[in-house]
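What follows is one structure encoded as structure tokens, with my remarks underneath.
All of the numbers you see were taken from the coordinates with simple rules; none came from a lab. Fair warning: this is a prediction, and the values are worked out from it, not measured in the lab. Methodologically, a virtual Cβ is constructed for each residue, glycine included, from the backbone with ideal geometry; neighbour enumeration extends over all protein chains shown.
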Amino acid sequence: MDTFYILPFFGQIDTANLTDYYLTECEYNGTMLRLDLNFEHLNVSIDRLDVVKKLLDNIPMIDAKNKYYIAEDFNSVVCGEVREYINHHMDELNPEDLQQLVSYENQSLSAEEQLLKRFELVRIGFYPQDEHFMILDYSIGTDFTQYLLAMYNDENADIIQINWES
């Protein structure tokens, strides 16, 4: 029985001899995107790896879906995680950094809305043995902040929860 499975970006995975952590990078939207694959148990079914492969093949669609949800959360009546993340950065970033991220001369979008448009996907972590199958981390700029907006998705790329973390 063949114990090797080929995943996009990761290459060949020996399912009979797993390690708990795999790391790679790929270019996405002009920047480097970090991808990691995490195993709590050192055995995994091929079906779970098939799901990872399907998700890897659909990163642009998943990213677009998550960005839509980020905008919805920002615009919700209740102060959600996205609004808290942006408000935190409006308050905490030094003025020089903030000026690199937003243009106060822009009359069509508030500074907060400009920050909202700056969210970029910086990492995807896959956890095929977990309910949170995939975590996508977004940032307004890793040169400006250590904080990430973490989107927890299930194996169907449906959003389970959103948090901001460091």
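Computed quantities for the displayed model
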| read-out | value |
| --- | --- |
| Those residues of the range 21-46 which are part of a strand (DSSP E or B), in contact with a Ser or Thr (Cβ under 9 Å, 6 or more places away or on another chain) and more than 19 Å from GLU120 (Cβ to Cβ), in sequence order | LEU37 |
| Pair list, Cβ < 9 Å and 6+ apart or interchain, from the range 24-43 residues that are in contact (Cβ under 8 Å) with a residue 12 or more places away in the chain and closer than 12 Å to PHE9 by Cα to residues that are surrounded by 14 or more Cβ atoms within 10 Å (Cβ to Cβ) and among the hydroxyl-bearing types (Ser, Thr, Tyr) | ARG34/THR24; LEU35/TYR22; LEU35/THR24; ASP36/TYR22; ASP36/THR24; LEU37/TYR22; LEU37/THR24; LEU37/TYR127 |
| Some residue of the range 116-129 being out of contact with any helix residue (DSSP H, G or I) (no Cβ under 6 Å at 6 or more places or on another chain), surrounded by fewer than 17 Cβ atoms within 10 Å (Cβ to Cβ) and not charged (D, E, K, R) | yes |
